[in-house]
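The values are calculated or read from the model by the stated rules, or taken from the named source; none is laboratory data. What you see is a predicted model; the values in this text were computed from it and never measured. Quick reminder, even Gly has a Cβ in these numbers, built from the backbone with ideal geometry, and neighbours come from all protein chains shown.
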Amino acid sequence: MIKLQQVTHQFNNASSLAFDDWTIRAQEQWLLLGASGSGKTTLLHIIAGLLKPERGTVSINETPIYALSAKNLDQFRGRNIGVIFQRPHLIKSLTVLENLILAQRLAGFNKDHKRIKQVLDSLNIAEKEGVYPSDLSQGQQQRVSIARAVINRPIILIADEPTSSLDDQHTHIVMDLLKAQSESNKAVLLVATHDKRMKDSFTHRHELT
Amino acid sequence: MSPLKISWKSILSKPLSSALNILLVAFGAGILTVLLLASSQVIEKLNNNSKGIDLVIGAKGSPLQLILSSIYYIDFPTGNISLAEAEKVIHHPWVKRAVPLALGDNYHGIRIVGTDTNFVKLYALKVSKGRFWERDFEVTIGSKVAEEQQLSVGDHFYGAHGLTGSKDIHKDHAYHVAGILEQQNNVTDHLILTNIASVWRMHDHKDEIHDQHHQEEKEITTVLIQYRSPMAVVLFPRLVNQSTNLQTASPAAESTRLFSLIGVGLDTLQWFAMLIMLIAAISVFVNLYNSLKERSYDLAIMRVLGASRMKLFLIVIMEGMMISFTGALLGIALGHVLLEWIGLYQDSSHTKLSGFFIIPEEGWLIFGGLAIGFCASIIPALQAYKTNISMILAKN
């Protein structure tokens with residue numbers, strides 16, 4: 001499903017980072033562990049098609065993604081990869097509904113209101129459709145950002161430190177949501193964290209040194 | 001959720017700075033609209049009124065004054081000339097048509113013009129009601145005069161001495177409205193026409209008391225000349241100057257001179273308007289450039305969601321162009337309203353400016369507005385295009 005082979009990234013300050021080969025099968029849920037500065041975010045960006053590595057190949061569903069043209073890679077990412085960031089980062093000038101329509105349209109799909117309703121329902125924020133992000137609580141915003149990541153039924157759901165700013169209770173809620181969403185959308189879940197609280201909830205672990 | 005809508009939403013999300021930029025563009029475009037509309041209307045009116053008139057002959061004085069008083073009826077005449085002296089030149093073979101004018105009286109500020117049927121032919125006048133003047137003290141009035149003074153065929157009124165004011169009224173003879181002219185959209189809409197003898201007789205009564213001999217030398221104010229051949233353009237004025245004591249003035253030359261005098265002021269205003277537009281462009285640029293820092297994360301997220309570089313470029317460039325386009329449209333509308341408003345406060349009715357008037361140059365104004373928006377947003381748009389998403393997302 002996802003295959004990393006001999007991936008090396010070169011930083012601006014000329015130091016380079018070689019990553020171990022890594023194979024992820026469909027619908028697996030992985031935890032990416034490592035101290036801060038070990039390259040978690042870099043690796044996630046490489047897998048998400050946001051950062052072209054110096055060497056090596058990244059294949060998703062047998063497609064070597066960095067062989068795609070820039071435009072096709074953008075489209076591929078929009079359609080197949082959902083990304084959740086540490087903070088929600090919704091577009092402030094758009095309502096919740098518009099943020100989700102934007103995600104559908106930018107990926108090249110038609111607007112699908114039924115799907116939006118379904119996803120918002122599954123996250124218990126159906127009534128927030130017409131609200132602007134600034135009027136939502138941090139937790140609600142995080143849910144919307146999860147909705148945005150899964151709206152196009154991606155094959156990979158990537159989360160970068162999704163819980164680092166949350167307390168224990170919310171950490172559990174968010175992790176449960178992520179797992180439930182990736183299961184219901186039949187997506188691979190890939191969570192990068194240095195958060196020890198989450199260690200035990202995943203069977204697959206990939207550690208960076 | 002097209003790029004257009006995203007740009008529009010982004011404009012709406014910062015209403016104050018967007019409104020300021022739109023107003024700046026609108027202000028510049030508005031001034032330019034007023035200048036364009038006013039100058040094109042003035043030129044059109046000048047040309048429309050002097051159509052077919054090649055030369056004006058009158059008393060010595062300022063040639064510009066001669067043109068203003070006998071073609072546009074806005075200044076005072078330079079004085080009177082003797083009919084006998086004028087007769088010396090107006091029968092020359094180069095002259096196709098000579099229209100004598102006797103000015104001197106008014107009715108509520110409207111000039112009463114003593115003339116003959118050549119005037120009717122020169123302006124190709126037609127009556128809409130009644131007929132042309134035939135006997136003494138019969139008048140045919142312009143369409144606007146009938147409308148504004150509520151005069152109709154058969155009415156009587158008294159003229160007043162002078163070109164303005166109604167203190168010294170000629171009570172001896174009343175004018176009788178014989179007809180009303182069709183609307184011509186030139187100065188004739190605002191005139192009262194009669195024969196020259198009426199003007200003479202109106203003043204003869206007084207002259208009998210003061211000066212019995214005056215009747216001998218009949219006077220008129222000016223003669224409008226239409227040439228038969230182009231050769232006359234150079235030679236006829238020279239002939240008049242040599243053989244008589246009269247003054248000649250060419251409407252074309254004097255209009256050009258008048259415009260070169262006003263032109264300096266117009267140019268200054270035009271540069272001023274351009275400067276405002278330039279400031280507007282800089283303001284749009286600064287705004288987009290600054291907001292790009294805040295929005296860089298938004299734009300990076302859009303890239304994550306599948307937007308191409310080109311799409312981000314379009315989103316930013318459209319934001320600038322929408323602001324300047326809205327501003328240009330608003331400015332043009334404001335310009336029209338302003339000009340109509342100026343027109344309401346103008347006292348001389350036949351030089352009135354109108355806001356209900358569209359010229360092709362306004363299309364260029366809209367195009368100019370779009371171009372300003374494009375220029376102001378090209379650098380921010382290129383930056384959005386070149387955004388390194390991974391770096392922005394990693395900064396967090």
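Results for (1) free of Cβ contacts under 8 Å to residues at least 40 places away in the same chain; (2) under 16 Å from residue B:317 (Cβ atoms), shown as yes or no for each residue.
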residue: B:335; (1), (2): no, no
residue: B:338; (1), (2): no, no
residue: B:343; (1), (2): yes, no
residue: B:346; (1), (2): yes, no
residue: B:359; (1), (2): no, no
residue: B:362; (1), (2): no, no
residue: B:372; (1), (2): no, yes
residue: B:379; (1), (2): no, yes
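Whether a residue is of a type in the set (A, V, I, L, M) and part of a helix (DSSP H, G or I) was assessed, and residue B:225 does not pass this test. Under the condition of being of a type in the set (S, T, N, Q) and assigned to a helix (DSSP H, G or I), the residues counted in region B:228-276 number 8. Scanning region A:104-113 for residues that are more than 8 Å from every other protein chain (Cβ to nearest Cβ) and in a loop (DSSP other than H, G, I, E, B) gives A:109, A:110, A:112.
Given the criteria farther than 23 Å from residue A:154 by Cα, under 17 Å from the mean Cα position of the chain (by Cα) and either surrounded by fewer than 16 Cβ atoms within 10 Å (Cβ to Cβ) or in contact (Cβ under 8 Å) with a residue 24 or more places away in the chain (or both), does residue A:164 qualify? So residue A:164 fits the description; yes.
In summary, strands (runs of 3 or more DSSP E) completely within region B:35-143 and bearing 1 or more residues that are surrounded by fewer than 18 Cβ atoms within 10 Å (Cβ to Cβ) occur at B:95-107, B:127-130. Inside region A:128-145, residues that are away from chain B (no Cβ under 14 Å) and surrounded by 15 or more Cβ atoms within 10 Å (Cβ to Cβ) make up a count of 7. Could you please find all residues in region A:148-164 being outside any strand (DSSP E or B) and either modelled with pLDDT of 95 or more or within 13 Å of chain B (Cβ to nearest Cβ) (or both)? Residues satisfying the conditions are A:148, A:149, A:150, A:151, A:152, A:154, A:161, A:162, A:164. Counting only residues that are on the phi > 0 side of the Ramachandran plot and buried (at least 21 other Cβ atoms within 10 Å of the Cβ), region A:175-209 holds 0 of them.
Set side by side, the residues B:331, B:306 differ, and just one is in contact (Cβ under 8 Å) with a residue 24 or more places away in the chain and either buried (at least 19 other Cβ atoms within 10 Å of the Cβ) or assigned by TED's automatic domain parsing to the domain that holds residue B:96 (or both), which is B:331. Considering each of A:69, A:38 in turn, give the residue that is of a type in the set (S, T, N, Q), surrounded by fewer than 18 Cβ atoms within 10 Å (Cβ to Cβ) and closer than 30 Å to residue A:195 by Cα. Selected residue: A:38, the only one of A:69, A:38 that is of a type in the set (S, T, N, Q), surrounded by fewer than 18 Cβ atoms within 10 Å (Cβ to Cβ) and closer than 30 Å to residue A:195 by Cα. For residue A:116, the conditions (1) within 27 Å of residue B:14 (Cβ to Cβ); (2) of a type outside the set (Lys, Arg); (3) facing chain B (nearest Cβ under 10 Å) all hold with the exception of (3). For the list (1) under 27 Å from residue A:22 (Cα atoms); (2) assigned to a loop (DSSP other than H, G, I, E, B), I need the number of the one condition that residue A:130 fails. Of everything listed in (1) under 27 Å from residue A:22 (Cα atoms); (2) assigned to a loop (DSSP other than H, G, I, E, B), residue A:130 misses just condition (1).
Here the condition is being touching a residue at least 60 places away in the same chain (Cβ under 8 Å), farther than 29 Å from residue B:368 by Cα and out of contact with any Pro (no Cβ under 8 Å at 6 or more places or on another chain); of B:93, B:3, it holds for B:93 alone. Can you tell me which residue is farthest from the other protein chains (Cβ to nearest Cβ) among those in region B:6-36 that are under 30 Å from residue A:108 (Cβ atoms) and in contact (Cβ under 8 Å) with a residue 24 or more places away in the chain? Taking the candidates together, the pick is B:18.
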